[in-house]
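A short write-up of the structure that comes next.
Just so it is clear, none of the values below were taken in a lab; they were calculated from the coordinates. Quick caveat: nothing in here was measured; it's all calculated off a predicted structure. Cβ placement follows ideal geometry from the backbone for every residue including glycine, while neighbour counts extend to all protein chains displayed.
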Amino acid sequence: MKHKIELPNGTVVECAEQQNLRDSLRDYWDQLYSPGARLFHCRGMGTCGTCALLMEGEVSAPTKVEQWRLGFPPHVPGSGLRLACQARPKGPLKLTKFSGFWGQNRGPHSSPR
Ligand code: FES
C-alpha cells in the first residue's frame, strides 16, 4: 500500500507503507535534512537525529533507538518530532522541517526553514 506524503515545500509524493520515510524520500533529501546535515548524518541508523520532522498523520510507533535519540539535546523529550529514518507511514502525512542543524527548533518562536 502507498500513502500520499506532503513534503515541506508542498510537493506530494507517494511512499510505500513498508519503507521508512528516509528510504522512500531519497530524491528529496534537501527537505529532510538541514543544509549542513545533508553531508553529515548517520545514514539511517537513528543515532544522529538530523532527520527529525514533524509528521502530521499516522505513522509507525517510535523505535527504541528513535526514543533514545530524541530524548537528549539538542532534541527535547516530548517535542512531537519523529525521525524519518525510523518512521513508516500508515496513512497520508504532512511533513514539516524546522530550523537548526538537527531540525530541532520547534517552538513558539521558531519557524520552518
Ligand atoms: S539519519 Fe540519522 S537519525 Fe535519521
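Shape class of the chain from the alpha-carbon gyration tensor: rounded, with the ratio a/c of largest to smallest axis under 1.5. Dipole magnitude for region 25-113: computed about the Cα centre from +1 point charges on Lys and Arg Cβ and -1 point charges on Asp and Glu Cβ, it is near 100 debye. The residue list Trp29, Leu39, Leu93 was ranked by how far each Cα lies along the charge dipole of region 1-112 toward its positive end, using unit charges on Cβ atoms, and Leu39 comes out on top. A cut-off under 13 angstrom between Cβ atoms defines the neighbours of Cys85, and their net charge, with Lys, Arg +1 and Asp, Glu -1, is +4. Applying the criteria of a DSSP loop state and at most 14 other Cβ atoms within 10 Å to the trypsin sites (Lys or Arg not before Pro) of region 22-66 yields Arg43. Rounded to the nearest 5, the antiparallel percentage of DSSP beta bridges internal to the chain is 90%.
Lysine pair count for the chain (Cα-Cα distance under 20 Å; residues 8 or more apart in sequence or on different chains): 6.
Residues Leu93, Leu83, arranged from fewest to most other Cβ atoms within 10 angstrom of their Cβ, appear as Leu93, Leu83.
Taking every C-alpha pair closer than 8 Å and separated by at least 6 residues, the mean separation divided by the residue count of region 1-94 gives a relative contact order of 38 percent.
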